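Student: Provided herewith is a single structure, encoded as C-alpha cells, for subsequent inquiry.
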Amino acid sequence: MTGQASHDMTKGEKANAMNQLWEKSKLCGICGKGLPGRYNKATTLDHIIPVSKGGTNKIDNLQLAHLKRNNRKADKLPHEVKL
C-alpha cells in the first residue's frame, strides 16, 4: 500500500482500513470514479483531513483514493482541492 496514509499506521492497520473502506465503497473519495482494485498499487488510503492539519488515522478520517488524485491532494483539505 502506498500513498498518504502511512502516518504511524502498521501494515496490519492499513490493510484493515483498506478492507473496511473497500467493503463500503469501491469509488475514489476524491473524484468519485471507480477504483482499479483493492490491492492495486493505484488504490491508496487518503486522510480526508490531513494529519498535518490535525486529522487522525481513525477510519472515519480515511478514504480510498486513486494514487494520482491522492498525490495531487497532498496535505490539502477537501475544499482546497481543485481537480
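Student: Does the stretch 11-80 come out rounded, prolate or oblate, given a ≥ b ≥ c as the square roots of the eigenvalues of its C-alpha gyration tensor, rounded meaning a/c under 1.5 and, failing that, prolate meaning a/b above b/c? Show your work: numbers first, answer last.
Tutor: Values: a/c = 1.75, a/b = 1.20, b/c = 1.46.
Oblate, since a/c reaches 1.5 and b/c is not below a/b.
Student: List the trypsin sites (Lys or Arg not before Pro) in the stretch 28-83 that DSSP assigns to loop (not H, G, I, E or B) and whose Cβ has at most 11 other Cβ atoms within 10 Å. Which are they?
Tutor: Hits after loop and neighbour filter: LYS33, LYS41, LYS58, LYS82.
Student: In addition: Within the stretch 55-70, list the residues whose amide N lies under 18 Å from a label point set 7 Å along Cα→Cβ of GLU13.
Tutor: The answer is 55-64, whose backbone nitrogens lie closer than 18 Å to the label point.
Student: Continuing with this model, one more query. Using +1 at the Cβ of each Lys and Arg and -1 at the Cβ of each Asp and Glu in the chain, identify which of MET9, GLY32, GLN20 lies farthest towards the dipole's positive end.
Tutor: The listed residue farthest towards the positive side: GLY32.
Read-outs: derived from the displayed coordinates by stated rules, not from any lab. This structure is a prediction, so every number in the text was calculated from the model and none was measured. Using ideal geometry, Cβ is built from the backbone for each residue, glycine included, and neighbour counts are taken over all protein chains shown.
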